[in-house]
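Asker: Let me give you the structure first, and then I'll get to my questions.
The values are calculated or read from the model by the stated rules, or taken from the named source; none is laboratory data. Not measured: the values here are computed from a predicted model. FYI the Cβ positions are ideal-geometry reconstructions off the backbone, even for glycines, and counts take in every protein chain you see.
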Amino acid sequence: MPTSCAAWGCTTVRTIQTRSQGITFHKFPKEKQLRRQWEVAVKREDFSANERSMLCSQHFRPEDFDRTGQIVRLRDGTKPSVFSFPTHLKRVSASLNLLKMVFVCVCVCVCVCVCEHPYALPPSPTLLKTRLSEALARVESLEKEMRNSKAREWRAKKTVRCLLEDLRGKNLINEELHERLDLYSEKERKIQ
């Protein structure tokens, strides 16, 4: 079975042609923390790498590779950083990163009196506030979109209900269909 890249939207497959182009494939690291950073970087929902999961060399910078031997290897601690995500994934990831940072900070501060992990916080409180505002704005935008979708659904159901009543009034449907539609209409009335 051919190996393909695990990154979101990447269609690179390990073949003789890709190898001749200089594209190499690299397994996810075994170290849990670094492996998790790779999994987050590929931006695939609920993705968990297994022992066969790999990323192609197109998702790493040239300086991330050690080409001194016969085998092209990644330097220790290297994380994938070269992706071409659509804008909606870029915005969501900024909000998710903020939420993760806040969660890590709260966990560390609760578990340890003195915060020993300064990398969990952004460099300044202003940046933290900015990121929090962006996340809250995104949540508000998604809630508004959900309300609009529910309103569209309600209007569509109302239109269908009116159409069914009109067909019944003009006797354009047979008795069996009339009974089925009555059952459907009753369910709709009970829900709302």
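Asker: Would you check if Glu51 is part of a loop (DSSP other than H, G, I, E, B), loosely packed, with under 11 Cβ neighbours inside 10 Å and touching a strand residue (DSSP E or B) at 6+ places or on another chain (Cβ under 9 Å)?
Answerer: For Glu51, the condition - part of a loop (DSSP other than H, G, I, E, B), loosely packed, with under 11 Cβ neighbours inside 10 Å and touching a strand residue (DSSP E or B) at 6+ places or on another chain (Cβ under 9 Å) - is met.
Asker: Only one of (1) out of contact with any Pro (no Cβ under 9 Å at 6 or more places or on another chain); (2) modelled with pLDDT of 80 or more; (3) within 30 Å of Glu39 (Cβ to Cβ) fails for Val102. Which number is that?
Answerer: (2)
Asker: A follow-up question, please. Quick check on my filter: what residues within the stretch 5-34 are free of Cβ contacts under 8 Å to residues at least 24 places away in the same chain and either surrounded by fewer than 16 Cβ atoms within 10 Å (Cβ to Cβ) or not assigned by TED's automatic domain parsing to the domain that holds Arg61 (or both)?
Answerer: Matches in the stretch 5-34: Thr11, Val13, Thr15, Ile16, Gln17, Arg19, Ser20, Gln21, Lys30, Glu31, Lys32, Gln33.
Asker: A further question follows. Just to be sure I understand the filter: pairs with C-beta atoms under 9 Å, separated by 6 or more residues or on different chains, first member in the stretch 124-137 and touching a residue at least 24 places away in the same chain (Cβ under 8 Å), second member part of a helix (DSSP H, G or I) and of a type in the set (D, E, K, R). Which pairs pass?
Answerer: Glu134/Arg91
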